[in-house]
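The values are calculated or read from the model by the stated rules, or taken from the named source; none is laboratory data. Model, not experiment: these values are computed from the prediction. Every residue, glycine as well, gets a Cβ built from its backbone with ideal geometry; the counts of neighbours run over all protein chains shown. These area figures cover heavy atoms from the full protein model, side chains too; ligands, DNA and RNA do not enter into them. Shrake-Rupley method; radii C 1.70, N 1.55, O 1.52, S 1.80 Å.
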Amino acid sequence: MKTDQDIQAANEETRQAWNTNAAYWDEKMGEGNDFVNLLEWPAILRLLEPQPGQHILDIATGNGLTARRLAGLGAQVTAFDFSEELIQLAKARSTPGLPIRYLVLDATDASALLASLAGSPHSSFPSALCNMALFDMADIEPLFHVLPRLLEPGGRFVFSLTHPAFNNTSSVHVAEEMDLEGQIVSTYSVKVSRYMTPSQAHGAALQGQPKPQLYFERPLQYYFNLGFRNGFVLDGFEECAFPPGHPQSKPLSWGGNFSEIPPVLVARLRLPA
């Protein structure tokens, strides 16, 4: 079992890695890639349902990609990340006048979240978003515990993940040939050797990044039960896969060859009204 000291050390290692990788990430990711544009964002829009004038909390915003998209739809956005370097890049990418307030905040620090976000004119959000970042957090329990105090009654929390069952650090992409009624056909699958037990492992979000970062992997039941214990219900869930024929940079990279296997999921938790 991890101690508080273990969690703090892992969190600090992760912060340092993202500060080191910030410029590379910003250059390569920019305003989005196929994962964002085809898998994550359409499902986020369906589940978050952002409205003009709404005040939305963007958790672990990275280079501000989702904050700018939400602001472009007319939302008022408070966006934070624990990487000072990423927040500087987010500010640099944002057009002056966009209704975004950027903060350097650690989502694993409940006291800091409450001090900065609760009980102020900027508190009480109808919705919150965390796009592809919960698996970058050494401890997500403080965030789930604090969110009911930040959201309005009936408020929604939408988050996206690399699919824990199919797209984790143990996943191996497999290509095989088989004889199907006299025709030699290629099949593509994913072999997974670990899922149930929460774990952490080093990996690379983008090929060639300067420093590997830690992934904190948890089964789906961990996320959902944590939400349920903090008063949420699950009322929206999408698993997102690339369509058949979608181009891919390599035969075994995510793309159309794996159209039956979702690398991403998006879920919506909601508080009682």
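Within segment 19-33, residues that are closer than 9 Å to Leu206 by Cβ and hydrophobic (A, V, I, L, M, F, W, C) reach partners that are assigned to a loop (DSSP other than H, G, I, E, B) and open to solvent by less than 70 Å² (accessible area, probe 1.4 Å) with beta carbons closer than 8 Å, at six or more positions or on different chains, in the pairs Trp25/Gly62; Trp25/Asn63; Trp25/Ala205; Trp25/Leu206; Trp25/Gln209; Met29/Gly62; Met29/Asn63; Met29/Leu206. From the list Asp58, Asp139, the lone residue that is open to solvent by less than 10 Å² (accessible area, probe 1.4 Å) and acidic (Asp, Glu) is Asp58. Of the residues that make up segment 169-183, is at least one within 19 Å of the chain's Cα centre (by Cα), open to solvent by 20 Å² or more (accessible area, probe 1.4 Å) and touching a residue at least 12 places away in the same chain (Cβ under 8 Å)? Checked against the condition, which is being within 19 Å of the chain's Cα centre (by Cα), open to solvent by 20 Å² or more (accessible area, probe 1.4 Å) and touching a residue at least 12 places away in the same chain (Cβ under 8 Å), segment 169-183 yields at least one hit. Residue check: is Phe157 open to solvent by 10 Å² or more (accessible area, probe 1.4 Å), among the aromatic types (Phe, Trp, Tyr) and outside any loop (DSSP other than H, G, I, E, B)? In short, no. Selection within segment 225-261: residues that are in contact (Cβ under 8 Å) with a residue 40 or more places away in the chain and within 15 Å of the chain's Cα centre (by Cα). The member of this set that is nearest to His145 (Cα to Cα) is Glu238.
Inside segment 3-20, can you point out the residues that are closer than 18 Å to Gly208 by Cβ and either not aromatic (Phe, Trp, Tyr) or not in a helix (DSSP H, G or I) (or both)? Let's see the steps before the verdict.
First pass over segment 3-20, keeping only residues closer than 18 Å to Gly208 by Cβ: 17-20.
Of everything in segment 3-20, those that are closer than 18 Å to Gly208 by Cβ and either not aromatic (Phe, Trp, Tyr) or not in a helix (DSSP H, G or I) (or both) turn out to be Ala17, Asn19, Thr20.
How about segment 89-102: which of its residues are in a helix (DSSP H, G or I) and without any contact (Cβ under 8 Å) to a residue 40 or more places away in the chain?
We begin by selecting, within segment 89-102, every residue in a helix (DSSP H, G or I); these are 89-93.
The answer is Ala90, Lys91, Ala92.
If I ask for residues that are touching a Leu at 6+ places or on another chain (Cβ under 9 Å) and part of a helix (DSSP H, G or I), which ones from segment 45-68 would you list? Don't jump to the end; show me each part of the working.
Looking only at segment 45-68, we keep the residues that are touching a Leu at 6+ places or on another chain (Cβ under 9 Å), and these are 45, 48, 50-52, 54, 56-64, 66-68.
Across segment 45-68, the qualifying residues are Leu45, Leu48, Thr66, Ala67, Arg68.
Filter segment 110-150 for residues that are in a loop (DSSP other than H, G, I, E, B), at pLDDT 95 or above and not acidic (Asp, Glu) and give the result. Lay out the reasoning, then the answer.
Looking only at segment 110-150, we keep the residues that are in a loop (DSSP other than H, G, I, E, B), and these are 118-124, 132-133, 137-140.
Filter again for at pLDDT 95 or above, leaving 132-133, 137-140.
Selection gives Met132, Ala133, Met137, Ala138, Ile140.
Does Asp58 satisfy being modelled with pLDDT of 95 or more, under 18 Å from Arg268 (Cβ atoms) and touching a Ser or Thr at 6+ places or on another chain (Cβ under 8 Å)? It is true that Asp58 is modelled with pLDDT of 95 or more, under 18 Å from Arg268 (Cβ atoms) and touching a Ser or Thr at 6+ places or on another chain (Cβ under 8 Å).
For segment 82-105, the tally of residues that are more than 24 Å from Phe135 (Cα to Cα) and buried (at least 20 other Cβ atoms within 10 Å of the Cβ) stands at 1.
Candidates Ala79, Ala71: the one that is buried (at least 23 other Cβ atoms within 10 Å of the Cβ) and either within 20 Å of Leu117 (Cα to Cα) or touching a residue at least 12 places away in the same chain (Cβ under 8 Å) (or both) is Ala79.
For segment 21-44, the criterion of being in contact with a strand residue (DSSP E or B) (Cβ under 9 Å, 6 or more places away or on another chain), surrounded by fewer than 17 Cβ atoms within 10 Å (Cβ to Cβ) and part of a helix (DSSP H, G or I) is met by at least one residue.
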